[in-house]
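Student: Here you go, one structure.
The values are calculated or read from the model by the stated rules, or taken from the named source; none is laboratory data. Quick caveat, the model's predicted, so the values are computed rather than measured. So basically every Cβ, Gly included, is an ideal-geometry build from the backbone, and we count neighbours across all protein chains shown.
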Amino acid sequence: MKNRIKLYYLLSAALLLHYTAFSQQHSADVLKNIHVKYREINAGRQTYRKVYTSPEEQYSEGGEIIGYFLKDSIRLIEEVLYAEGGKSTTAIYYDKDQPFFIIAEQYKYNVPFYDSSFNSKLTTITADRSYFHHGKMIKWVNDRQQAFTARNKVYVENEQGVLSVAQQLYDLIRTADTIKKNLPPVRKNIQ
């Protein structure tokens, strides 16, 4: 009986180690694939069809949203919001209409950009990175460059927040694209 219990624990431990090793390798493969897709999209972005729109909210210095399409598929959405003390950018990378990588950057200027002592080299930049697989965040690197994979309350709240932003921007760009496609052609008056 004691030997069976020992064997059970040994087998359980071996399976757990095997699963952990498999899971870590799988995560590494998924992250590698994300990096490959990220590079492919950035390499092709000049060839994508672009759709522009404005943010729903008004910002002190303006903003813009650009959707990059390969045929009818969104590959990338970039949002830039300007303020006198800095700007924020969000880039959402898509594969089959699902976000797989989101980077949100905050730029804080040393003084307002219109000040004569403004120096872009003194701008501080922080970034938040979120990696997704099958609609779930698998890795989050916060603005202090701390990496997280454990699905605790803060992790899940961040996941829901960035996915909400991704969905809002996706809807805005899809709407702008639909409107653009349904507009009548522009006529030029020839005299």
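Student: Has segment 136-155 got at least one residue that is closer than 24 Å to residue 97 by Cβ, polar (S, T, N, Q) and at pLDDT 90 or above?
Tutor: no
Student: Is one or more of the residues making up segment 112-120 exposed (fewer than 11 other Cβ atoms within 10 Å of the Cβ), free of Cβ contacts under 8 Å to residues at least 24 places away in the same chain and of a type in the set (Asp, Glu)?
Tutor: Of the residues in segment 112-120, the ones exposed (fewer than 11 other Cβ atoms within 10 Å of the Cβ) are 114, 116-117, 119-120.
Going one step further and asking which of them are free of Cβ contacts under 8 Å to residues at least 24 places away in the same chain, we end up with 116-117, 119-120.
Filter again for of a type in the set (Asp, Glu), leaving none.
No, segment 112-120 has no match at all.
Student: Another question, then. Go through the residues of segment 94-111 one by one and say whether even a single one is on the phi > 0 side of the Ramachandran plot and in contact (Cβ under 8 Å) with a residue 12 or more places away in the chain. So that I can check it myself, show each step before the final result.
Tutor: Step one: filter segment 94-111 for residues on the phi > 0 side of the Ramachandran plot, giving 96-97.
Narrowing the set further to residues that are in contact (Cβ under 8 Å) with a residue 12 or more places away in the chain leaves 96-97.
The answer is yes; a qualifying residue exists.
Student: Test of understanding: among 130, 27, which residue is over 23 Å from residue 165 (Cβ atoms), in contact with a strand residue (DSSP E or B) (Cβ under 9 Å, 6 or more places away or on another chain) and touching a residue at least 24 places away in the same chain (Cβ under 8 Å)?
Tutor: Details: 130 fails: over 23 Å from residue 165 (Cβ atoms).
After ruling out the rest, the residue left standing is 27.
Student: Among the residues of segment 84-126, count how many are touching an Asp or Glu at 6+ places or on another chain (Cβ under 9 Å), closer than 23 Å to residue 28 by Cβ and at pLDDT below 95.
Tutor: Selection size over segment 84-126: 0.
Student: Select from segment 82-101 the residues that are buried (at least 19 other Cβ atoms within 10 Å of the Cβ) and in contact with a Pro (Cβ under 8 Å, 6 or more places away or on another chain) and write down the one among them that is farthest from residue 45 (Cα to Cα).
Tutor: 92
Student: State the number of residues belonging to segment 133-167 that are touching a residue at least 12 places away in the same chain (Cβ under 8 Å), assigned to a strand (DSSP E or B) and surrounded by 14 or more Cβ atoms within 10 Å (Cβ to Cβ).
Tutor: 6
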